[in-house]
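Reviewing the structure listed below.
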Amino acid sequence: MSTRRILILGSTGSIGTQTLDVVRHLNALRDRGVSAKRFEIVGLAAGRNTELLQEQAAEFGVENAFAACDDAGCAERLVREVECDMVVAAISGSAGLQSTLAAAELGRDIAIANKESLVAAGKLVTGACFASGSRLYPVDSEHAGVWQALMGVVGPDAAYPVRTLPASVERVVLTASGGPFRGKRPDEVAEATVEQALAHPNWSMGAKNTIDSATLMNKGLELIEARWLFGVGNDRLDAIVQPTSVVHAMIEMADGSTIAQMSAPDMRTPIQLALMRGSIVERPARLDLVELGELRFERADPGLYPALGLAKRAIDEGGTAGATLNAANELAVEAFLGKRIRFREIVRLTADAMDAAPARPVNELGDVLDAARLAREHVERGISALS
Ligand code: NDP
């Protein structure tokens, strides 16, 4: 394989730093028989952590193409200016939308961690991919799991997004760990503190994603992401709880068989698969099933996790519903992290914003940004009314 030029957006975050770990690892394999360096980092974008950004730029020899950004336009500019073979979209939240969309328009391959861009603007991002030939390589472990499970059905080189899956694949099932509040009653978690909600049992992630995992909004966002990557609606999509996060996803086949993807809960595995565009190379994160002993599966309790119902509603409504859900949730999570609202208000405020703004068609970015702005205004009013 010739050296692949990588631009990382969100390089200082959880996914960004693990991507650089994977690049170090894969480039070091060169010493063991691979002739050329696999990856060259040609650009880095981050937010406030300028010290780490500069260290990364120095280590990977990125001379000019790195930026500490305080708006969404900055990463987008980098995408438009820097020639590369793959963009790693790992900015958190809706700040990642414009840069992901630009990469799709330019026909770049995208290792996509920023699920929010698909949730808010899946129609635009996938539409740009279909027009430009840009391919999305899922970094989210569940979607990478679906991708791997599908390799046995559609072949290793199938590209995503797709407009729909073959009829032999009846359902795509994502798993959720259930987060820190699994097994509790809804009234027990209503007043959960920020510290309790941030204590995820299996994964170490950025704060926004960790709170989303406690409400299970993360799984809801992932259902919407799956809808766009794999072209399936609610009738062919589900999320169930698998507490140890070892099974990441399953596909249920028409003949009654289920193909599951299992790996240790280590994000470097799906990141590597995305960077390698599906080629398998060794990775130290091994799964010992005998040590694990047993696998359990549970239905996701709709009373404890109302966010899942909201996400399914957004899939059914389509249009701007995803943008509304995403923006409302993002602001509510920020308010919870800032200790302005209680845990239970996150999903309630998001549901209120969806009730207040019936879905409208999405034809251009402005439709998404308008819906997001209205949702934020609605949630902001809701937060003010609480105090
Ligand atoms: P983090 O909060 O750890 O990192 C976010 C990154 O985005 C940081 O590098 C941050 O910079 C940067 N950033 C924020 N705003 C901007 C901006 N305007 N322009 C450029 N960079 C910006 O998040 P995660 O790594 O956890 O998550 C990133 C994405 O990956 C999210 O969409 C998440 O849902 C998804 N994801 C994460 C998983 C995980 O295990 N962490 C698993 C699956 C998906 P700085 O820190 O310098 O301010």
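In the stretch 1-108, with Lys and Arg counted as +1 and Asp and Glu as -1 at Cβ, which of these residues, Ser14, Asn49, Asn64, has the Cα nearest the positive end of the dipole, that is, farthest along it?
Ser14
In the chain, what percent of the accessible surface is made up of carbon and sulfur (1.4 Å probe, ligands and nucleic acids excluded)?
Details: 7770 of 16020 Å².
With neighbouring chains kept in place, the figure for the chain is 48 percent.
Can you find, among Thr100, Met217, Val246, the residue sitting farthest towards the positive end of the charge dipole of the stretch 95-252, where Lys and Arg contribute +1 and Asp and Glu -1 at Cβ?
Selected residue: Thr100.
To one decimal place, what orientation-averaged projected area in nm² is obtained for the convex hull of the Cα set of the stretch 16-127?
7.1
Once amide H atoms are placed 1.01 Å from N in the peptide plane, what residues at a sequence separation of 5 or more from Ala239, or on another chain, have their amide H within under 5 Å of its amide H?
Excluding prolines and chain starts, which carry no amide H, the hits are Leu174.
Ignoring everything but the protein chains, give the 1.4 Å probe accessible area of Tyr137 in square angstrom, nearest 10.
Rounded to the nearest 10, that gives 20 Å².
When the distances between all Cα atoms of the stretch 61-147 are binned every 10 Å from zero, what whole-number percent does each bin get?
Here the calculated profile for the stretch 61-147 is 18, 54, 25, 3.
In the chain, once you exclude exposed trypsin sites (Lys or Arg not before Pro) (DSSP loop, at most 15 other Cβ within 10 angstrom), what's the longest stretch remaining?
49-162
How would Ser387, Ser99 line up by accessible area, probe 1.4 Å, largest first?
Ser387, Ser99
Residues of the chain: accessible area per residue at 1.4 Å, in Å²?
41
Under a crude label model (7 Å from the Cα following the beta-carbon direction), how far is Glu195 from Glu291 in nanometres?
3.0
Mind counting lysine pairs for me in the chain? Cα separation below 14 Å, and the two need to be 8 or more apart along the chain or on different chains.
Working: Lys115/Lys123; Lys115/Lys208; Lys115/Lys219; Lys208/Lys219; Lys208/Lys339; Lys219/Lys312.
Lysine pairs, 8 or more places apart or on different chains, close enough: 6.
Give, in whole angstrom and from largest to smallest, the semi-axes √(5λ) of the equivalent ellipsoid of the stretch 242-284, with λ running over the eigenvalues of the Cα gyration tensor.
Taking √(5λ) for each eigenvalue gives 22, 15, 7 Å, largest first.
Give me the Å³ per residue figure for the convex hull around the C-alpha atoms of the chain.
138
With each run of n ≥ 4 DSSP H residues scored as -39500 (n - 2.57), what mean residue ellipticity at 222 nm is computed for the chain after dividing by its residue count and rounding to the nearest 500 deg cm²/dmol?
-15000 deg cm²/dmol
Rounded to the nearest 5, what is the percent of antiparallel bridges among the DSSP beta bridges in the chain?
Numbers: 12 of 37 bridges.
Counting DSSP beta bridges with both partners in the chain, the antiparallel share is about 30 percent.
The values are calculated or read from the model by the stated rules, or taken from the named source; none is laboratory data. Not measured: the values here are computed from a predicted model. Positions of Cβ are backbone-derived with ideal geometry, glycine not excepted, and every protein chain shown enters the neighbour counts. The protein model used for the area step is the full one, side chains on, heavy atoms only, and it has no ligands, DNA or RNA in it. Shrake-Rupley method; radii C 1.70, N 1.55, O 1.52, S 1.80 Å.
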